[in-house]
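Notes follow once the structure below has been shown.
What follows draws every value from the coordinates through simple rules; no lab data is involved. Nothing here was measured: the structure is a model prediction, and the numbers come from that model. Note: ideal-geometry Cβ built from the backbone for every residue, glycine included; neighbour counts use all protein chains shown.
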């Protein structure tokens with residue numbers, strides 16, 4: 001079971017809101033809105049996605065990594081490596 005199962009509905013609401021923001025971006029481009037205004041909205045969408053990603057990462061560490069360490073330290077090390085790799089990906093984005 002994923003670590004985010006208790007907050008799944010919250011994540012879905014956030015992602016639907018982000019989806020609406022992206023549709024708004026499409027509309028802005030279609031309507032030739034001023035470049036800086038579009039870039040401001042892109043920054044907003046990016047920040048919202050990063051917040052979702054960090055929330056998922058937090059729950060992964062608190063649930064999945066903690067459980068793996070408790071069940072089997074070797075498996076726990078693999079989960080830690082997996083989490084570090086995910087953090088690296090988030091930082092590059």
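Calculated from DSSP H runs of 4 or more alone, at -39500 (n - 2.57) each and per residue, what is the 222 nm mean residue ellipticity of the chain, nearest 500? Kindly include the intermediate steps, with their values, before the conclusion.
Details: 4 runs with 74 residues, N = 93.
Calculated from helices alone, the mean residue ellipticity at 222 nm is -27000 deg cm²/dmol.
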statement: Quick calc: nm separation of the 7 Å Cα→Cβ label points for residue 82 and residue 22 -> 2.5
